[in-house]
1. For segment 1-38, how many residues meet the condition of being at positive phi and either surrounded by 13 or more Cβ atoms within 10 Å (Cβ to Cβ) or under 10 Å from the mean Cα position of the chain (by Cα) (or both)?
2. Test Thr33 against the criterion of being at pLDDT below 90 and among the β-branched types (Val, Ile, Thr), and give yes or no.
3. Can you list residue pairs whose Cβ atoms sit under 9 Å apart, with the first residue in segment 21-37 being aliphatic (A, V, I, L, M) and the second being surrounded by fewer than 14 Cβ atoms within 10 Å (Cβ to Cβ)? Count only pairs 6 or more apart in sequence or on different chains.
Amino acid sequence: MSCWIRLGIEPTQDLDAIRLAYRGRLPAHHPETDPEGFQALREAYEQALRLAREHDLASASQEQPAADTPH
């Protein structure tokens with residue numbers, strides 16, 4: 001299952017939206033009563049954060065001009 005589906009949001013690079021989605025789903029997957037669900041939710045959260053950060057890094061590297069380019 002996609003991390004976005006598990007978090008209940010559309011793919012985004014908004015870290016705050018990802019955190020809010022995770023926090024919103026936590027009560028349904030308490031680690032003591034639903035350890036498998038909690039683990040799956042945590043993995044989805046970490047994957048979504050990783051994807052968002054990788055996208056930000058890729059965008060930033062494409063926007064910076066090459067340092068070796070002669071003027």
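The values are calculated or read from the model by the stated rules, or taken from the named source; none is laboratory data. In this text, all values refer to a predicted model and were calculated from it rather than measured experimentally. Positions of Cβ are generated from backbone atoms using ideal geometry, with glycine treated the same way; all protein chains shown enter the neighbour counts.
1. 0
2. On the way: at pLDDT below 90: no; among the β-branched types (Val, Ile, Thr): yes.
Spelling it out, it is not the case that Thr33 is at pLDDT below 90 and among the β-branched types (Val, Ile, Thr).
3. Correct list of pairs: Ala21/Gly8; Ala28/Asp34.
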